[in-house]
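Step one of this worksheet: look at the structure below.
No value in this document is a laboratory result; all are computed from the given coordinates. These numbers come from a predicted model, not from an experiment. For neighbour counting, all protein chains shown are included, and Cβ atoms are generated from backbone atoms with ideal geometry for every residue, glycine included.
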Amino acid sequence: MTQSDVLTLALRLWPSVRDTGQVADPADLDRLLAAQGQPGALGYDQGVRGTFACFAPDEEATLTMPTGERAVSDGEARLLGHLLVTRVLMGAGLHIDRRVQRAVGDAYAVTWCVRGGYRASPLALATSLWLVALDPLHRSDRPIPIDWSPDAYQDASLWDLEYRLFSHYDIRERALDWAVYASIADSRRAGCSIWTIVEPLLRLDDDRSFQALSVFAEASDEESDAPASAVLERGRIAALLRAFAAQHRERRA
């Protein structure tokens, strides 16, 4: 498979994985796994081997999300590609596979484990919420298996080189804190549709997710020139949010 085929396959498999947790042909998951640690993957040139190559190393990577957002840089597109492939593998039940665990570790290393606030883009952070939502251990204090040895992770301005231990629970807490942070002002999620944040939050049972969802239920970030496919995708998620809000009101009544 070419790198572009990897991303196309991940996007094709996702609706079934999202809605049923299954794929018609498990061999498709093997095809995704084969892209791990290949040239063109995020951080490959600096020794990272847990990320998935969705673009050739010599091309300018570009990516448009199903909800219509576009990656603004080559690095962001490669990170988003890795997150989208990892999301499929997690959702299909491969969270116990060491290769998928390694992929999750490298995803978290550049999103939720950096020091000094949020360094990844809001779009990348929102997409990575899916990994938290799909993690059956997200309340566990078990450490995330992150390989910190690559040169990519030795920048003291980005990571605390003396603190390398993060649990599933730690990541969940940071992700939920960000969701509330992002819900407060549009500027805190620049370049990211609310719908990209909303759907994984619907799967996280926590007061902070409810708080953020309540804000998003009253918000709108629809673009007048968004492609029809993106509008349909946002409409699908909006319907889920309306159903959630109605159910939440009934519980409080």
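The table for this structure:
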item	result
Under Karplus coefficients 6.51, -1.76 and 1.60, residue-wise ³J(HN,Hα) of the stretch 42-58 in Hz, glycine/proline x	4, x, 4, 5, 10, x, 6, 10, x, 8, 9, 8, 10, 9, 5, x, 9
Interchain or long-range residues, amide H under 5 Å from residue 167's placed H	144
Contour excess over end-to-end distance, with Cα ends at residue 158 and residue 74 and 0.36 nm allotted per residue	28.3 nm
Debye, to nearest 20: dipole size of the chain, +1 on Lys, Arg Cβ, -1 on Asp, Glu Cβ	740 debye
Relative packing of 4-15, 190-201, which averages over residues the other C-beta atoms within 10 Å, highest first	190-201, 4-15
15 Å beta-carbon shell around residue 73, net charge (K/R +1, D/E -1)	-2
Residue order, fewest to most beta carbons within 10 Å, for 163, 169, 44	163, 169, 44
Estimated FRET transfer efficiency (residue 11, residue 188; beta-carbon r; R0 35 Å; 0.05)	0.85
Reciprocal mean inverse distance between Cα atoms of the chain - Kirkwood radius, Å	18.5 Å
The chain: calculated mean residue ellipticity at 222 nm from DSSP helix runs of at least 4, using -39500 (n - 2.57)	-16500 deg cm²/dmol
Dipole magnitude of the stretch 153-232, debye to nearest 20 (Cβ charges: Lys/Arg +1, Asp/Glu -1, about Cα centre)	160 debye
Additional length obtainable on full extension of the chain from residue 242 to residue 215, 0.36 nm per residue less Cα span	8.5 nm
Inter-centroid distance (Cα atoms) of the stretch 50-123 relative to the stretch 126-147, Å	14 Å
Farthest positive-ward along the chain dipole, Cα basis, beta-carbon charges - from 23, 108, 33	23
